[in-house]
Amino acid sequence: MSRTYLFSPIGNTDPVKYFYDGSMLHICRYYKPDVVYLYLSKEMMEYHRTDNRYVRSIELLGKKLNHTFEVHIIENDQMVNVQQYDVFYKEFRSIISDIEKEKGEDDRLLVNMASGTPAMKSALLIMATLAEYRFLPIQVSTPQKKSNIEHEERQEYDVETNWELNQDNTENAENRCQEVKCMNLMRLLKLDIIKKHILSYNYKAALEVAKDIKQDLSIFAYKWLETAEARSVLDWKKMNSVLPEANGILKAVHENDKKKVLFEYTLILDLKVKRGEYADFLRAITPLSVDLLEMVLAEFCDIDITKYYKRKAFREWDEQKMSGTEILRLAQGNYSYFRYGPVYSGALNNIIQAKCEDKLLAQRVNELVEVEHKLRNIAAHNIVSVTQEWVKERTGKTVDETIWIIKYICECVKINTRKENWASYDLMNEQILKALEE
């Protein structure tokens, strides 16, 4: 069962003054916290030690409400200069941090914003605005709807008499508590950071920031952030489990849907280009290029090249199946011998150049394989700065032109049949940004 906590500085109007609850007692009356932390400065501590007025008043209220309050006193006999805002901010931040560690995930923390000195109230207001810790700020208006005079001495205080004369004990007493709607500055800042990460396609970073303000986001928005992060690392199991239903943008992806998987992989390559991760882009071309070339051979050359593999899943040439075939001669190309082992795009390209009647497609395949062969090994095995200029200088093509070639081949083999689908991540981003505003 969830519990409610209250943190309350104590001021001169606590616990009862002018025949009405002070702010601390009034919050206890209407919110019935299970655990109450009272912060006492040196002056308030002296009152407490004289007549136990704060704890005793809470006990009387608990008896009236048939509710048990667990009261903790936080004493600071060093706190004499009670107008130092920065001191209170540091101290209250530490205290609330400790309460956060104690309370459970479903518990809630109330904070009395009305008691104490102006410096205490300012410190708590800043904490509520920054929202480093999640608590509900409570303000309590005065019975007279104007400022209390808080500076008169209150050494002589009769707890029982003040309780008996307290007008807030009457049946039709007014609830003067108000939940403060603070501008949550930290939430706004983190929301802005999340949006910037989304626009730069950095979904992992966006999700990490979102975890800090998860309670302030809609379930729909958080699911989209989880979906985007899982999608960007090809984690289909997780993506499918958090994907918002009937979202109109993205459908579940399954491993056995090869064309869908290859489409998503191509989009990841596109993201690497957009993020300027050119070395990663070049290293990631090879797995896709072999898949694409196999599909070109099947659809445009009527060749099921996998018949010549030892094990289709691992793509290794089978010497026995290749021996004496035209496929061996074409795959070997201009080399004097054929190296059996893993299937690479070079051998597949040799076959396509000889057998593909769609010469424009064959040209695009050849251009892709050339880029892969010229740059992949350098990017994979050397410490180099891979820039747009570096790629252009060595291949005659920009990175943007290379990703265009990949998309062209994908469309030819029907991995994607609608050009607008290439904007899938941007459409998803629009959906996420819209959800973050709700």
Those residues that are touching a residue at least 40 places away in the same chain (Cβ under 8 Å), outside any helix (DSSP H, G or I) and surrounded by fewer than 19 Cβ atoms within 10 Å (Cβ to Cβ), I need them from region 406-428; list them, please. 414
List the residue pairs whose Cβ atoms are under 6 Å apart, where the first residue sits in region 42-57 and is open to solvent by 40 Å² or more (accessible area, probe 1.4 Å), the second is among the charged types (D, E, K, R) and at pLDDT below 90, and the two are 6 or more positions apart or on different chains. 42/77
Residues located in region 11-30, provided they are in contact (Cβ under 8 Å) with a residue 60 or more places away in the chain, of a type outside the set (A, V, I, L, M) and open to solvent by less than 40 Å² (accessible area, probe 1.4 Å): 11, 12, 13, 14, 15, 17, 21, 22, 23, 26, 29
Looking at (1) aliphatic (A, V, I, L, M); (2) open to solvent by 20 Å² or more (accessible area, probe 1.4 Å); (3) in contact with a helix residue (DSSP H, G or I) (Cβ under 6 Å, 6 or more places away or on another chain), find the lone condition where residue 313 falls short. (3)
In this structure, does residue 423 turn out to be out of contact with any His (no Cβ under 7 Å at 6 or more places or on another chain) and at pLDDT below 85? no
Go through region 380-393 and give me each residue that's in a helix (DSSP H, G or I), open to solvent by 60 Å² or more (accessible area, probe 1.4 Å) and at pLDDT below 85. 381
Boolean, residue 325 is over 28 Å from residue 263 (Cβ atoms) and β-branched (Val, Ile, Thr): yes
Are there any pairs, at least 6 apart or on different chains, whose C-beta atoms fall under 7 Å, with the first in region 268-297 and within 18 Å of residue 370 (Cβ to Cβ) and free of Cβ contacts under 8 Å to residues at least 60 places away in the same chain and the second open to solvent by 20 Å² or more (accessible area, probe 1.4 Å) and in a helix (DSSP H, G or I), and if so, which? 284/272
Exactly one of 403, 352 is assigned to a helix (DSSP H, G or I), of a type outside the set (Asp, Glu) and either open to solvent by 20 Å² or more (accessible area, probe 1.4 Å) or under 14 Å from residue 278 (Cα atoms) (or both), and that residue is 403
If you go through region 170-181, how many residues are crowded, with 17+ Cβ neighbours inside 10 Å and either farther than 22 Å from residue 139 by Cβ or out of contact with any Phe, Trp or Tyr (no Cβ under 7 Å at 6 or more places or on another chain) (or both)? 1
Inside region 229-252, the number of residues satisfying the requirement of being closer than 17 Å to residue 288 by Cβ, in a helix (DSSP H, G or I) and of a type outside the set (D, E, K, R) is 2
Scan region 302-315 and report the pairs whose first residue is of a type in the set (Ser, Thr, Tyr) and whose second residue is outside any strand (DSSP E or B) and open to solvent by 100 Å² or more (accessible area, probe 1.4 Å), with Cβ atoms within less than 6 Å and a gap of 6+ or a chain change. 306/312
How many residues are basic (Lys, Arg), assigned to a helix (DSSP H, G or I) and over 10 Å from the mean Cα position of the chain (by Cα) if we restrict to region 174-212? 3
Inside region 258-275, the number of residues satisfying the requirement of being within 14 Å of residue 402 (Cα to Cα) and either of a type in the set (Ser, Thr, Tyr) or not in a helix (DSSP H, G or I) (or both) is 1
Do we have residue 368 as surrounded by 14 or more Cβ atoms within 10 Å (Cβ to Cβ) and either out of contact with any His (no Cβ under 8 Å at 6 or more places or on another chain) or assigned to a helix (DSSP H, G or I) (or both) here? yes
Can you tell which of 255, 226 is in a loop (DSSP other than H, G, I, E, B), more than 29 Å from residue 331 (Cα to Cα) and without any contact (Cβ under 8 Å) to a residue 24 or more places away in the chain? 255
Scanning region 103-121 for residues that are without any contact (Cβ under 8 Å) to a residue 60 or more places away in the chain and surrounded by fewer than 16 Cβ atoms within 10 Å (Cβ to Cβ), the one farthest from the chain's Cα centre (by Cα) turns out to be 118
In region 262-310, the residues that are in contact with a Phe, Trp or Tyr (Cβ under 9 Å, 6 or more places away or on another chain), open to solvent by 30 Å² or more (accessible area, probe 1.4 Å) and closer than 16 Å to residue 425 by Cβ: 272, 274, 275
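The values are calculated or read from the model by the stated rules, or taken from the named source; none is laboratory data. What you are looking at is a predicted structure, and each value in this text was computed from that prediction instead of being measured. Using ideal geometry, Cβ is built from the backbone for each residue, glycine included, and neighbour counts are taken over all protein chains shown. The protein model used for the area step is the full one, side chains on, heavy atoms only, and it has no ligands, DNA or RNA in it. Shrake-Rupley method; radii C 1.70, N 1.55, O 1.52, S 1.80 Å.
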